[in-house]
Amino acid sequence: MEDLLTELPRCEPTSPRRSTHGDGTEYQAGQLAPEAVLAHLEQADQGIRAQLTAAQEDARTPDDKVRAVGRAIADGIGSEDFRCCAFLNAAAEYPDPAHPIHQAVLAHRQWFLGTVTDLVARVGNAPAEPAGRHFVMLRDGAMAAGCLSEPGLITETFMEGVEGILRARSGAGPAGPRRCAGLPDADSPWSADSGLLVVVDLAVGEAAVVAGGGADVVEAHAA
């Protein structure tokens, strides 16, 4: 990567921002000529593809494959020289959707979205597209926050979000705190005489309508 930074033609600096991606490659936005940025993004794209493939090699179940991808992302965020995402930084520097650099960013993100959507589709039977988008948004937020806050807290929160996606798809039920609505006593988990009540999983932002305060879920929907 050092050769890329020193040998390819440079343009005048605008707003320099060094970015180290999860695979360890880096560049300074605003200091490289566009063709150098494209070369970097192609290198980063190939590195990330290989990284996520390798991360899944020891995962035995579909759930574990999703976790392995999440952990690989978290490890990148926790690395010492991490400075957000090379692709998000490049998109900010080149916002024109028609620009080749912006197009390269979109192509990489489409691949990533397709990859995680295929993985979560193997967990549960519900349509996987919303869960795939959810995973990508979690990743984007973690990438942005990872260089602004304590990385350990960011990666922990990110992995909790990944677990929330898996729980929602497997139907295993929420592991986080619950808030109950429609109860005579808000401190009670349920009441046999309360009719219909809504249980909201604060961890994943989902709600379930439970009949008569019992344990049978009548329907589940987004809160």
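The values are calculated or read from the model by the stated rules, or taken from the named source; none is laboratory data. Note that the structure is a prediction, hence the values are computed from the model and not measured. Glycine gets a Cβ as well: all are built from the backbone with ideal geometry, and neighbour counts include every protein chain shown. Heads up: the accessible areas ignore ligands, DNA and RNA and are worked out on the full protein's heavy atoms, side chains in. Shrake-Rupley method; radii C 1.70, N 1.55, O 1.52, S 1.80 Å.
Does the range 126-138 contain any residue that is of a type outside the set (A, V, I, L, M), part of a loop (DSSP other than H, G, I, E, B) and modelled with pLDDT of 95 or more? Scanning the range 126-138, I find at least one residue that is of a type outside the set (A, V, I, L, M), part of a loop (DSSP other than H, G, I, E, B) and modelled with pLDDT of 95 or more, so the answer is yes. Filtering the range 77-106 to residues that are surrounded by fewer than 18 Cβ atoms within 10 Å (Cβ to Cβ) and over 19 Å from residue 32 (Cβ atoms) leaves 78, 79, 80, 97, 98, 106.
Checking the stated criteria, residue 152 turns out not to satisfy the condition of being touching a residue at least 12 places away in the same chain (Cβ under 8 Å) and buried (at least 21 other Cβ atoms within 10 Å of the Cβ). When the range 56-71 is limited to residues that are open to solvent by less than 60 Å² (accessible area, probe 1.4 Å) and not in a helix (DSSP H, G or I), the one that is farthest from residue 152 (Cα to Cα) turns out to be 61.
Against the criterion of being modelled with pLDDT of 95 or more and crowded, with 18+ Cβ neighbours inside 10 Å, residue 74 qualifies. The number of residues in the range 36-59 that are among the aliphatic types (A, V, I, L, M), touching a helix residue (DSSP H, G or I) at 6+ places or on another chain (Cβ under 7 Å) and in contact (Cβ under 8 Å) with a residue 24 or more places away in the chain comes to 7.
One line per residue, one yes/no per condition, for (1) open to solvent by 20 Å² or more (accessible area, probe 1.4 Å); (2) at pLDDT below 90; (3) part of a strand (DSSP E or B); (4) of a type in the set (A, V, I, L, M, F, W, C):
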residue	(1), (2), (3), (4)
13	yes, yes, no, no
24	yes, yes, no, no
27	no, yes, yes, no
38	yes, no, no, yes
43	yes, no, no, no
46	yes, no, no, no
49	yes, no, no, no
52	no, no, no, yes
